[in-house]
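The values are calculated or read from the model by the stated rules, or taken from the named source; none is laboratory data. Remember, it's a predicted structure, so these values are computed and weren't measured experimentally. Ideal geometry is used to build each Cβ from the backbone, glycine not excepted, and the neighbour counts take in all protein chains shown.
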Amino acid sequence: MLSRPVLPAPGDRDRGSIAPMFAIVALAALILIGLAVDGGRKAQATQTAVAVADEAARAGGNAIDPAGARGEGSIAVEVGAAVAAAQAYLAAAGVDGEVTVNGGRELVVTTTIQVPTIFLDLIGVDVLTVTGSGSADLVGA
């Protein structure tokens, strides 16, 4: 005699189906939270990199010739002193950067900041690197 297969009761078909769905939704929520947190940290670090680069360039642009400042000649920026002042500002701020002079008339500062991740570390992204740049015209150089 053949036996008929036993069908599950109407309410039993969906039993346990919420567990995989919850796991998928929880994982998606964790990824979104991670992107928001680490993305916010990256945006903040970018603002800091740009601000420090601008301030370092401004510090370099203020390195004027002392004799010119006293009225003993024309006011001009000493290029070597400008580069040194910008590098000193970067060192004091604790930010890695590069100071260059374009054509003897423009001081360009480029900064690099590395931000350790919190959530993205779970998927193998340990560090986010951001850069910023600022420039100052060297008056009379």
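Couple of notes before you dig in:
- Residue within the range 76-88 that is at pLDDT 90 or above, under 30 Å from Ala28 (Cβ atoms), surrounded by 12 or more Cβ atoms within 10 Å (Cβ to Cβ) and hydrophobic (A, V, I, L, M, F, W, C) present: no
- So Arg41, is it in a helix (DSSP H, G or I) and under 17 Å from Gln114 (Cα atoms): yes
- Which numbered condition Gly97 misses (of (1) in contact (Cβ under 8 Å) with a residue 40 or more places away in the chain; (2) more than 30 Å from Asp38 (Cα to Cα); (3) not β-branched (Val, Ile, Thr)): (2)
- Of all residues in the range 104-141, those being closer than 30 Å to Gly34 by Cβ, touching a residue at least 60 places away in the same chain (Cβ under 8 Å) and hydroxyl-bearing (Ser, Thr, Tyr) number 5.
- Evaluating Ala56 against the criteria (1) at pLDDT below 95; (2) touching a helix residue (DSSP H, G or I) at 6+ places or on another chain (Cβ under 6 Å); (3) assigned to a helix (DSSP H, G or I) leaves one unmet condition, (1).
- Top-ranked residue in the range 105-141 [being among the hydroxyl-bearing types (Ser, Thr, Tyr) and touching an Asp or Glu at 6+ places or on another chain (Cβ under 8 Å); ranked as surrounded by the most Cβ atoms within 10 Å (Cβ to Cβ)]: Thr111
- Verdict on Ala49 being at negative phi and either at pLDDT below 95 or part of a loop (DSSP other than H, G, I, E, B) (or both): no
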